[in-house]
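Input: a single structure, listed below in structure tokens.
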């Protein structure tokens, strides 16, 4: 009998405390604000709604006497793979990759080559042919 009385007192106390909590309800005399619809938004005709872009990647091969083949991997800067294939270093390659519109660089890996390719005008290029620089002695 005592436990029933204790439970009843706790229940009544809890209900009394909960009824004292202030509610953030709107005033019944006010009307909600008009919400702007997406169709009403004014956007310039030149605005690009696309979240991705096509990037043309050109790879210039290096002619070799003995074929040099390895895995060619092209990734986003965060490491997400875009292209992964077994490639012969002497072969030229052109491919189009779809990348997020905000990306400005790609990463290329082929054996010991680990290069960063800058994207300019939706194009990126890499050449296996080394750039030769001459010292002051020539």
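When a/c is below 1.5 the answer is rounded, else prolate if a/b is larger than b/c, else oblate, so apply that to segment 58-138 with a ≥ b ≥ c taken from the square roots of the Cα gyration tensor eigenvalues. Note, shape of segment 58-138 comes out oblate. Between residue 4 and residue 56, with labels modelled 7 Å along Cα→Cβ, what's the label distance in nm to one decimal, could you check? Calculated label separation equals 8.9 nm.
Each value in this text was obtained by applying a stated rule to the coordinates, not by laboratory testing. Keep in mind it's a predicted model, so treat the numbers as computed, not measured. Neighbour counts are summed over all protein chains in view; Cβ atoms, including those assigned to glycine, are modelled from backbone coordinates with ideal geometry.
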